[in-house]
Amino acid sequence: MRARTAAIVLLLSATLAHGAHAEVEVITSPDRSAVAIDRSLLRALFTMRVRQWPDGTTARVFVLPDGNAVHDRFCREVLGTYPYVLRNTWDRGVFTGTGFAPEAVSSQAEMLDKVRRTRGAIGYVDRQPAAVAPLMPWTLTQIAEGSQP
Amino acid sequence: MNARIGGSAALLAMLLTFAPAHALDYQLHGFAAQGLVNSEGNDYYGDSTRTSLDYYEAGLNGSLDLGHRVLLSAQGLLRDAGATDDGQLRLDYALLDYAFIDSSAVTAGLRAGRVKNPLGFYNDARDVVFTRPGILMPQLYLDSVGLRSLLFSSDGGQLYGRVSAGAHELSAIVGAARDRDLSDLEKRQLAGSNMLNSTDVDVEDLRFARLQDEIASIRTTLAFSVLDARLAIEPGNLFSGALEAELYVLSARYDAEHFSLISEYALQRSRSRFPGLGISDKNTGDSLYVQLDWRLRRDTTLYLRHDMSFSDRGDRNGRDYARETGQDRHDRFSHDSTLGLSWRYGAHWGLWLEAHLIDGTAAVPNADNIGALRDPHWSLFVAMLGYRF
């Protein structure tokens with residue numbers, strides 16, 4: 001699948017002085033190309049509170065390990081929470097039979113691979129190693145302006 | 001046996017009807033933990049004054065996505081905790097969950113089968129050390145005394161909903177359970193002796209509800225929970241009568257980067273009527289704990305808890321009780337100061353160490369101390385090593 005080049009615009013709080021390109025970006029599988037994701041849906045997907053995309057496709061959520069620096073930045077900068085809070089939420093869902101846990105991947109390379117190949121997938125990567133950028137045939141999604149963090 | 005086979009056949013038929021063309025999405029998880037208890041003064045979960053290893057838990061669960069927003073989940077577990085739990089394998093939950101509304105703004109659904117009961121922050125995930133606030137539960141959860149088995153899961157149904165409104169995430173669950181008989185183990189836990197074993201005790205009208213608000217902007221979660229139940233004891237028997245209980249819990253939590261502050265207050269109202277024994281009694285007890293979790297490092301947490309429980313709000317030092325009954329006033333309260341350390345290693349392992357200094361004997365497990373003299377000033381050291389996947 002050819003990469004789409006839609007720009008990702010990630011709204012960060014005013015205290016973070018980043019330029020137009022954020023370090024941690026949300027990525028989805030190619031079948032999600034037409035989907036606009038607002039922060040509310042993003043949070044709902046990563047806290048496993050919704051099981052499917054608005055069109056009914058099962059959501060497949062991928063995350064890096066709890067101690068990973070990119071995961072840490074993703075939790076804080078994108079979701080506005082901490083890794084331990086997410087971990088508690090996932091564990092409660094799993095051990096009460098009320099939800100799935102996200103699938104853990106061991107590296108960003110694996111993240112890219114899984115997200116590209118799995119229908120309905122969503123994940124995140126650190127875009128910074130510039131060498132990585134051309135290798136990513138993922139679909140960039142637009143985070144709607146004005147949603148609450 | 002027939003009912004079980006019929007049930008399995010129905011479940012299989014349902015699976016085949018719902019199964020989508022592609023392979024079903026599923027997850028399998030499990031855990032196992034071994035505890036060590038050493039106490040001074042009273043026994044807790046076994047012969048702990050000489051160090052007890054009669055404290056362990058293990059479980060396996062699976063969750064199957066049947067498509068059409070239906071989830072099938074089940075967990076089997078076993079738990080041994082001295083004489084208060086028997087190490088037998090039991091079905092912790094087995095439920096069908098259908099989310100009839102499933103969007104980021106609103107979720108609503110129902111669950112049926114054996115479901116975990118929502119009460120406070122920790123009741124529904126109490127059997128897994130990884131999801132508890134420490135090795136031992138705060139006293140309001142009735143882990144060592146009373147009928148914990150009433151609390152953890154029930155056969156019935158639940159209706160649940162969630163609404164995202166700005167910085168607030170509101171969720172609610174209401175549930176009701178089928179009437180059932182108490183098992184011999186439960187009767188022993190309730191009575192603190194074998195005296196009810198040949199008596200029929202039914203749990204009736206068991207209902208739960210919890211309302212929760214997560215306010216992301218101030219990193220605070222608030223919840224209000226209610227439990228309502230009636231224990232009916234065999235008519236025509238000397239002990240015949242009923243015990244009606246209500247439990248109200250107010251919960252609050254603040255989650256900062258390096259620490260969390262958790263507090264829950266519970267009010268327990270009960271009314272017992274035993275005409276044959278001439279007993280008609282009303283009682284209100286309560287309990288409060290405050291816990292500070294201090295994350296020294298990402299994988300290491302120090303926790304401090306102060307936990308107080310009172311059998312009678314109107315008699316917090318138990319002196320009226322002692323005067324009226326001639327029993328020890330210390331049986332009517334428990335003040336527990338706890339210091340703990342938890343350490344996580346990787347994604348799978350956890351180690352917990354906890355020391356409790358306790359004043360009062362209200363939390364002493366009846367079943368572990370039948371006929372024993374109770375020491376009102378006692379202590380506990382508990383350790384637990386756990387593995388999960």
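The values are calculated or read from the model by the stated rules, or taken from the named source; none is laboratory data. Treat the numbers as computed from the prediction; the structure is a model and nothing was measured. Reconstructed Cβ throughout: ideal geometry from the backbone, glycine too, with neighbour counts over all protein chains shown. Accessible surface areas use protein heavy atoms only, side chains included; no ligands, DNA or RNA. Shrake-Rupley method; radii C 1.70, N 1.55, O 1.52, S 1.80 Å.
For segment B:104-115, putting each phi into the Karplus relation 6.51 cos²θ - 1.76 cosθ + 1.60 with θ = phi - 60° gives couplings of 5, 7, 9, 10, 8, x, 9, 10, 9, x, 8, 10 Hz, in residue order, rounded to whole numbers and with x for Gly and Pro.
Evaluate the charge dipole of chain B about its Cα centre and quote only its size in Debye, nearest 20, assuming +1 on the Cβ of each Lys and Arg and -1 on the Cβ of each Asp and Glu.
Working: 38 positive and 51 negative charges, 120 e Å.
Once rounded to the nearest 20, the dipole reads 580 debye.
Quote the FRET efficiency, to the nearest 0.05, computed for A:T57 versus B:A176 with a Förster distance R0 of 45 Å and r equal to the Cβ-Cβ distance.
Values: r = 34 Å, r/R0 = 0.75.
So, using R0 = 45 Å, E works out to roughly 0.85.
On a per residue basis, segment B:213-292 carries 49 Å² of accessible surface, using protein heavy atoms and a 1.4 Å probe. Lys and Arg at +1, Asp and Glu at -1: add these up for the other residues within a Cβ distance under 9 Å of B:L72 and post the number. With Lys, Arg at +1 and Asp, Glu at -1, the neighbours total -2.
How charged is the neighbourhood of B:Y303? Take every other residue with its Cβ under 10 Å from the Cβ of B:Y303, and add Lys/Arg as +1 and Asp/Glu as -1. Can you show the working numbers first?
Values: positive: B:R295, B:R305; negative: B:D293, B:E354.
Local net charge: 0.
Of all lysines in the structure, the ones whose alpha carbon falls short of 28 Å from that of B:K187, not counting any fewer than 8 places away in one chain, are B:K116, B:K282.
Considering just Cα atoms, how many Å³ per residue does the convex hull of segment A:32-130 enclose? Mind showing how you got there, number by number?
Numbers: hull volume 10.5 nm³, N = 99.
Per-residue hull volume (Cα only) is 106 Å³.
Calculated [222 nm] ellipticity per residue, helices only, for chain B: -2500 deg cm²/dmol; basis is -39500 (n - 2.57) per DSSP H run with n ≥ 4, divided by all residues, nearest 500.
Please report the relative contact order for segment B:165-233, taking Cα pairs under 8 Å with a sequence separation of at least 6, and give it as a percent rounded to a whole number. Spell out each step's value before the answer.
Values: 121 pairs, mean separation 26.2, N = 69.
Relative contact order, segment B:165-233: 38 percent.
Compared with the direct C-alpha span, the chain from B:D312 to B:Q34 gains 96.6 nm at full extension, assuming 0.36 nm per residue. Kirkwood analysis of segment B:81-178, using all unique Cα-Cα pairs, places the hydrodynamic radius at 15.0 Å. Per the Cα gyration tensor, the protein assembly as shown maps to an equivalent ellipsoid with semi-axes of 45, 26, 20 Å, ordered largest to smallest. Report which residues of segment A:31-56 become buried by 10 Å² or more of accessible surface when going from the isolated chain to the complete set of protein chains (1.4 Å probe; DNA, RNA and ligands ignored). Hits at the 10 Å² cut-off: A:S40, A:L41, A:R43, A:A44, A:R49, A:V50, A:R51, A:Q52. Name the residues of segment B:283-300 whose accessible area falls by at least 50 Å² when all protein chains are present instead of the chain alone, probe 1.4 Å? Buried on complex formation: B:R298. Largest GNM mean-square fluctuation across B:S183, B:S104, B:S337, computed for chain B with C-alpha springs under 10 Å, falls on B:S104. The Kirkwood hydrodynamic radius of segment B:23-87, based on inverse pair distances between different Cα atoms, is 13.8 Å. Across segment B:296-369, the fraction of Cα-Cα pairs farther apart than 20 Å, rounded to a whole number, is 49%.
If you average the sequence gap of Cα pairs under 8 Å that are 6 or more apart and divide by the length of chain B, what percent do you get for the contact order? Before the final figure, lay out each step's value.
On the way: 1014 pairs, mean separation 54.1, N = 389.
This gives 14 percent for chain B.
Per residue, how much accessible area does segment B:49-123 have with a 1.4 Å probe, in Å²?
Details: 2660 Å² over 75 residues.
Dividing the accessible area of segment B:49-123 by its residue count gives 35 Å².
Take each residue of peptide B:159-172, count the partner chain Cβ atoms within 10 Å of its Cβ, and average: the result is 2. Compute the Cα gyration tensor for segment B:242-389, then decide on rounded, prolate or oblate, letting a ≥ b ≥ c be the square roots of its eigenvalues: rounded whenever a/c is under 1.5, prolate when a/b is larger than b/c in the other cases, and oblate in all that remain. Here segment B:242-389 falls in the prolate category. About the centre of its Cα atoms, segment B:272-343 shows a dipole size close to 200 debye [charges on the beta carbon of Lys, Arg (+1) and Asp, Glu (-1) only; nearest 20 debye]. Positive-end ranking of B:Y345, B:N366, B:T325 along the dipole of segment B:299-389, with charges on Cβ about the Cα centre, is headed by B:Y345. DSSP beta bridges confined to the protein assembly as shown are antiparallel in about 95 percent of cases.
Legend: mean number of C-beta atoms from other chains within 10 angstrom of residue C-beta atoms, peptide A:78-88, equals 4.
Residues of segment B:205-248 whose accessible area (probe 1.4 Å, heavy atoms of protein chains only) drops by at least 40 Å² once all protein chains are present, relative to their chain alone: B:R219. With N counted as the residues of chain B, its alpha-carbon radius of gyration over 2.2 N^0.38 Å works out to 1.02. Residue ranges B:239-245, B:343-349, B:24-30 sort as B:239-245, B:24-30, B:343-349 when ordered by packing (mean number of other C-beta atoms within 10 Å per residue, highest first). Across peptide B:117-127, the mean count of Cβ atoms from other chains lying within 10 Å of each residue's own Cβ comes to 2. Here, segment B:162-294 has an Rg and a Dmax of 19.3, 59 Å when only alpha carbons are counted. The overall shape of segment B:84-140, judged from the alpha-carbon gyration tensor, is oblate: a/c is not under 1.5, and a/b is no greater than b/c. For the pair B and A, the buried accessible area comes to roughly 3100 Å² in total, with a 1.4 Å probe and the value rounded to the nearest 100. Eigen-decomposition of the gyration tensor built on the alpha-carbon atoms of segment A:28-80 gives equivalent ellipsoid semi-axes of 21, 12, 11 angstrom, largest listed first. Taking the charge dipole of segment B:23-92 about its Cα centre, with +1 at Lys and Arg Cβ atoms and -1 at Asp and Glu Cβ atoms, the residue from B:N61, B:Y44, B:G87 reaching farthest to the positive side is B:N61.
Considering only protein heavy atoms and a probe of 1.4 Å, how much of the accessible area of segment B:225-382 is carbon and sulfur, as a whole percent?
Details: 4600 of 8070 Å².
Its accessible area is 57 percent carbon and sulfur atoms.
Got a sec? Which residues in segment B:335-377 would a label at A:D72 touch, if it sits 7 Å along Cα→Cβ and we count backbone N under 20 Å? Hits in segment B:335-377 for A:D72 at 20 Å: B:342-349.
Remark on B:D92: its backbone amide H falls under 5 Å from those of B:Q75, B:G76, B:L77, a criterion applied only to residues 5 or more positions apart or on other chains, H modelled at 1.01 Å from N.
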